[in-house]
Every structure is written in structure tokens, then in C-alpha cells.
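Structure first, commentary second.
The values are calculated or read from the model by the stated rules, or taken from the named source; none is laboratory data. Just so you know, these numbers come straight off a predicted model, no measurement behind them. Counting neighbours? That spans all protein chains shown, and the Cβs are built from the backbone with ideal geometry, glycine included.
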Amino acid sequence: MSALIIDGNATAEKIRVQLETEIVQLRERGCHPRLEVILVGDDPAAQSYVAMKQKDCERIGILGQTTRLGTETSEEELLALIDRFNHDASVHGILVQLPLPHQISEEKVIAAISPDKDVDGFHPVNVGRMVAGVDCFLPCTPAGIQALLVEYKIDPKGKHVVVVGRSTIVGKPFAIMMMQKKPWANATVTVCHTGSGDLKPYTQQADILVAAVGRPALISAEMIKPGAVVIDVGVNRIEDSSAKRGYRLVGDVDFAAVHKVASAITPVPGGVGPMTRAFLLKNTVKSAKKFLKLD
Ligand code: GUN
């Protein structure tokens, strides 16, 4: 068997086309959706993510601006900037790129962003609303994975979803979303993590396996039930002197082996990554609509 390749680029493009129409309508009503991205420090991966986010905004008509701050920036300076954007009615979304330098508390920074502009869905108010199953900004990666399942008509209802990784950004929120009594959820969910020991007895039970750990080739073919759907969230840079940039991107799944066992699989790159970026745009438009009381 050879798995269906789940195309995140094509699905993200569909979302962007839909958003473009909505943005035209918002602009006709005098509302120009605006996202403010803040990057502290000079981490190359973070710089490249932020540049892509800004380009995505420009392509579909969102005002996307990035403030770049030095590595030595104090917590007070960053909090003051967030406060300014919180009080600026023309700003609909605020995103502080993580991780932050050690002198700045991520917890404080996330809590300082207005929950109404928290397009990452990281603020405790949005996390609480998500757990309660009420309207909120959903975190972009879990929401993007769910949208891929919808696009490919892979209904998690009644299935066993096994999530490897319990991060606040992906594993934990995705597990909660999948256990909700809602459409495109209602699954039985298992979460594995560093405390789980041998992963294989769990992953072999998965109808839908989500790997979100950050370890290349962690998920091997023997860990997969034949016919399972495999979602690879890992983005790992592997040194590769034959590549133009000197590295290539791989996921957490041994793609070459696993795609022979699975029924469907997301590639890296081109799977979950583009969907995360599309949902940031979607959340920014959602925020602008709320501002106009259209949502
Ligand atoms: N760093 C890695 N992923 C993310 C994300 O989704 N949002 C933010 N703000 N920072 C990140």
C-alpha cells in the first residue's frame, strides 16, 4: 500500500482564496485587517517564520507589520509595545514569536496580549474557552490539522486519536479539540509524552496518529497500524551539504517507511506547516470581523 499524500499547500491556498474575498468585503466597510508580529532576537528559524507570516499577509490584503527587537530587549519594553497595540483600534491581531530570550517571561507576555487580539490562541482566556468548547481563537496548528481532516473527509468521530507530544502549542490543545462532542471531533484520545515509556503499544492502536515532538524519524513503520492516518507536525532541520541552505527539513515521522503502511500521511514540508500559517490569517480576519460585529 502507498498512502495518500495530504496536501497542506493546496488546502491552505483554498483558505487564503476564501479569506481574500472576506477581506475585500471588510475593506469595503472601512476595516483593513491588521496583524502586528513582534520578533525578539535573531534566531534564524524564527526570522524565517516571521518573514513568511508577513508575506502571507501581504498576498491576501492583510496589513502585516513586523517589529524586530534586539536580544537584550527588556520585559518592560516588550510589555509596553503590547500595551500600545492592545489600545490601538486599528490592530486586530498581535503575535509575539516564541521562544523569547531568557530575561522575558513568556507567561507574562502571553497574558499581556488582549484576548480579543490573541490570534495565536495562547492567552489563558482563549485556552479556557477552547477547553469549555465555546467560541474562541483556536491555536493555529491544531486548528490547521483539524481543517486538513475536514478537507480529506477523515472524520475523527469514534476513532482512536493518539497524540505524541503534550506541548501547549500543539499536543495538548489538539487532544482537547479532538475529545469535544462536536463535528470533526468526538474521538477517543490518548496523549503520549516523555513519561509514557515505550510509545509503540500506544501508537499501534491509533486510527489517527499525530506526531508533535520535534525528533526526526521518531515514528517508524513498526509503530503504525496498517491503514492509519499519520499527521506529522515535526519541523526538524537536518544538516545537508547538498542542499542550497545547508540543511533540509524533516518531520518526526520516517516518511519513506511509514507512507507504505499508512492510508494517508502529511509530508514535511508541505503538510501541517502551511495550514498553521493559513490559520493565523483566518484568526486575524475573524478578529477584524468581530471588531465590525460581523462574527
Ligand atoms: N513559535 C513556534 N510556533 C509558534 C506559533 O505558532 N506562534 C508563536 N507566536 N510562536 C511560535
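Residue count for the range 133-158 satisfying the condition of being outside any loop (DSSP other than H, G, I, E, B) and either farther than 20 Å from Ile265 by Cα or hydroxyl-bearing (Ser, Thr, Tyr) (or both): 1. Within the range 61-92, track down each residue that is touching a helix residue (DSSP H, G or I) at 6+ places or on another chain (Cβ under 8 Å), under 16 Å from Ser105 (Cα atoms) and not hydrophobic (A, V, I, L, M, F, W, C). Matches in the range 61-92: Glu75, Asp83. Of the set (1) surrounded by 14 or more Cβ atoms within 10 Å (Cβ to Cβ); (2) under 21 Å from the mean Cα position of the chain (by Cα); (3) not in a strand (DSSP E or B), all apply to Tyr202 but (2).
As a summary of the residue check, Ala262 satisfies the conditions (1) out of contact with any helix residue (DSSP H, G or I) (no Cβ under 7 Å at 6 or more places or on another chain); (2) hydrophobic (A, V, I, L, M, F, W, C); (3) free of Cβ contacts under 8 Å to residues at least 60 places away in the same chain except for the one numbered (3). Of all residues in the range 23-51, those satisfying the criterion of being in contact (Cβ under 8 Å) with a residue 24 or more places away in the chain, away from the ligand (no atom under 13 Å from the Cβ) and farther than 16 Å from Gly64 by Cβ are Val24, Arg29, Asp42. Exactly one residue out of Val191, Val210 is buried (at least 24 other Cβ atoms within 10 Å of the Cβ), of a type outside the set (D, E, K, R) and within 20 Å of the chain's Cα centre (by Cα): that is Val210. Entry remark, the range 150-176: residues being touching a strand residue (DSSP E or B) at 6+ places or on another chain (Cβ under 9 Å), within 16 Å of the ligand (Cβ to nearest atom) and closer than 21 Å to Ile6 by Cβ number 4 in total.
Checked against (1) within 12 Å of the ligand (Cβ to nearest atom); (2) without any contact (Cβ under 8 Å) to a residue 12 or more places away in the chain, Glu77 passes all but a single condition, namely (1).
Using the structure shown, decide if Ala51 is at pLDDT below 95 and touching a strand residue (DSSP E or B) at 6+ places or on another chain (Cβ under 9 Å). Against the criterion (at pLDDT below 95 and touching a strand residue (DSSP E or B) at 6+ places or on another chain (Cβ under 9 Å)), Ala51 does not qualify. Scan the range 84-109 for residues that are near the ligand (Cβ under 10 Å from one of its atoms), closer than 19 Å to Arg277 by Cα and in contact with a strand residue (DSSP E or B) (Cβ under 8 Å, 6 or more places away or on another chain) and the total you get is 4.
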